[in-house]
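Data first, discussion second: the structure below is written as structure tokens.
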Amino acid sequence: MRKRLIQAALVFIAVVVVAQFIRPGRTNPPIDASRTIQAQAGMSAALVAVLDRACKDCHSNATVWPWYTQIAPVSWAMAYEAKAGRKALNFSEWAGYTPAQQRDLLVQSCQDATTGRMPWSTWTTLHPESKLSAQDVETICAAARRAEAVAAAGVEGRVTP
């Protein structure tokens, strides 16, 4: 029994060591500052501050890669989540969305923040500064309401909550 336990431990250690050599891409695409949500005329500074603090690591091209993202399998999970987050919503590419898409993304962000779907609890455990306060959620939802009001009024152009 003891011999099998030692063998299992050695196999586990070997797998962990080998896994460290399988590195996912941990890159940040270039950022054109004129395309970011921060650069959009009339964008609320409060909204930008909330998004920068709580959302940027998964939903922008400015991901910060902490030391633990160097260690497999965490490195794999973080690279995957950053890629998936950018695909779903990328605040670094805000100008690339149509006004209707911008509105829909803000509304979805409000819903996700209100229900606690975003940011993920696993993420906020590691990054307590990314937790959203009631005021943060209200800031996001106010931007979504302004975007909807602009659309209802039939105003043309980009959403600028």
Open item on the list: Quick test of your reading of the structure: residue 65 fulfils all but one of (1) under 18 Å from the mean Cα position of the chain (by Cα); (2) assigned to a helix (DSSP H, G or I). Name the failing condition by number.
Closed with: (2)
- [ ] Would you be able to say whether some residue in segment 17-37 is surrounded by 14 or more Cβ atoms within 10 Å (Cβ to Cβ), of a type outside the set (Ser, Thr, Tyr), touching a helix residue (DSSP H, G or I) at 6+ places or on another chain (Cβ under 7 Å) and assigned to a helix (DSSP H, G or I)?
- [x] yes
Open item on the list: Let me confirm something: among 56, 83, which residue is of a type outside the set (Gly, Ala, Ser) and under 23 Å from residue 39 (Cβ atoms)?
Closed with: 56
Open item on the list: Six or more apart or on different chains, Cβ atoms under 6 Å: show the pairs whose first residue is in segment 91-117 and among the basic types (Lys, Arg) and whose second is surrounded by fewer than 18 Cβ atoms within 10 Å (Cβ to Cβ) and assigned to a helix (DSSP H, G or I).
Closed with: 103/151
Open item on the list: Among the numbered criteria (1) more than 21 Å from residue 45 (Cα to Cα); (2) surrounded by 15 or more Cβ atoms within 10 Å (Cβ to Cβ), which one does residue 107 miss?
Closed with: (1)
TODO: Look through 40, 7 and report the one residue that is out of contact with any His (no Cβ under 8 Å at 6 or more places or on another chain), surrounded by fewer than 13 Cβ atoms within 10 Å (Cβ to Cβ) and either free of Cβ contacts under 8 Å to residues at least 24 places away in the same chain or within 30 Å of residue 132 (Cα to Cα) (or both).
DONE: 7
TODO: Enumerate the pairs (first residue in segment 71-85 and among the β-branched types (Val, Ile, Thr); second residue anywhere and in a helix (DSSP H, G or I)) with beta-carbon separation below 8 Å, excluding pairs fewer than 6 apart on the same chain, so at least 6 apart or on different chains.
DONE: 74/68
Open item on the list: Please go through (1) over 16 Å from the mean Cα position of the chain (by Cα); (2) in a helix (DSSP H, G or I); (3) touching a residue at least 24 places away in the same chain (Cβ under 8 Å); (4) under 29 Å from residue 148 (Cβ atoms) for residue 47 and return the number of the only condition it doesn't satisfy.
Closed with: (1)
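Any read-out appearing in this document is the output of simple, stated calculations on the displayed coordinates, not a laboratory observation. Everything numeric here is computed off the predicted structure, so don't read it as measured data. Note that each Cβ is placed from the backbone with ideal geometry, even for glycine, and that neighbours are counted across all protein chains shown.
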